[in-house]
Amino acid sequence: MNESHDPYDLIEGVPSVEVFRRLRTDAGLSDKAPEAVAPALRNTWYGVVLRHRGEPIGMGRVIGDGGTAFQIVDICVHPAHQGRGLGRRVMAALTAELDRRAPATAYVSLIADGPARFLYEKFGFAEVTAHDSIGMYRVMGGSPAADTAPATAG
């Protein structure tokens with residue numbers, strides 16, 4: 001038996017809706033409604049699925065308009081497989097495709113949660129505050145600011 005055989009492989013594409021949802025929740029990310037996931041996966045600019053002996057255990061996607069703006073999303077690896085450089089493999093594949101196909105003037109963004117920022121920094125990503133910008137978000141169905149807004153009488 002070959003001891004150097006790598007049990008992991010990275011394939012281009014996106015998982016099924018069910019596998020996408022499982023990969024996200026297994027990795028501690030929020031679940032997404034199936035009716036939202038289906039069109040999202042169809043509109044992926046580039047994606048990869050990480051497999052362990054054929055079983056999907058991670059993924060990553062690039063979304064965007066194909067010209068001026070791209071976002072890296074859904075980077076996740078099952079906790080049982082973390083700490084083996086697999087997130088780096090996913091990011092390497094995504095950034096290689098961006099380097100290959102995205103225009104030089106394109107803006108590529110991502111949202112880094114917790115210590116994931118250190119992985120993304122290795123691929124040339126920097127905090128937006130360094131460029132006098134601020135990252136913002138809004139979750140449909142509610143505004144994040146609403147959770148912290150002071151109550152008003154009225």
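The values are calculated or read from the model by the stated rules, or taken from the named source; none is laboratory data. The structure displayed is predicted, hence computed values, not measured ones. Counting neighbours? That spans all protein chains shown, and the Cβs are built from the backbone with ideal geometry, glycine included. Surface areas here come from the heavy atoms of the whole protein model, side chains and all, with no ligands, DNA or RNA. Shrake-Rupley method; radii C 1.70, N 1.55, O 1.52, S 1.80 Å.
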Considering region 82-110 alone, what residues qualify as being among the β-branched types (Val, Ile, Thr) and open to solvent by 40 Å² or more (accessible area, probe 1.4 Å)? THR105, VAL108
From the set of residues in region 55-72 that are surrounded by fewer than 19 Cβ atoms within 10 Å (Cβ to Cβ) and of a type in the set (A, V, I, L, M, F, W, C), which is nearest to ASP31 (Cα to Cα)? ILE63
Among the residues of region 59-75, is there at least one that is more than 13 Å from TRP45 (Cα to Cα) and free of Cβ contacts under 8 Å to residues at least 40 places away in the same chain? no
If you check every pair at least six apart or on different chains, which have Cβ atoms under 9 Å apart with a residue in region 99-119 that is more than 18 Å from GLY87 (Cβ to Cβ) first and a residue that is open to solvent by less than 40 Å² (accessible area, probe 1.4 Å) and in a helix (DSSP H, G or I) second? ALA106/LEU98
When you scan region 30-44, how many residues do you find that are exposed (fewer than 15 other Cβ atoms within 10 Å of the Cβ) and more than 16 Å from VAL62 (Cα to Cα)? 6
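So how many residues does region 116-154 have that are hydroxyl-bearing (Ser, Thr, Tyr), loosely packed, with under 10 Cβ neighbours inside 10 Å and at pLDDT 80 or above? Outline the logic, then answer.
Step one: list which residues in region 116-154 are hydroxyl-bearing (Ser, Thr, Tyr), which gives 120, 129, 133, 137, 143, 148, 152.
Keeping just the survivors that are loosely packed, with under 10 Cβ neighbours inside 10 Å gives 129, 137, 148, 152.
Filter once more, so that each one left must be at pLDDT 80 or above: 129, 137.
Residues meeting the conditions: 2.
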Report, ordered by the first and then the second residue, all pairs with beta carbons closer than 8 Å, sequence separation of six or more or different chains, a first member in region 13-32 that is under 13 Å from LEU50 (Cβ atoms), and a second member that is open to solvent by 50 Å² or more (accessible area, probe 1.4 Å) and assigned to a helix (DSSP H, G or I). ASP26/PRO79; ALA27/PRO79
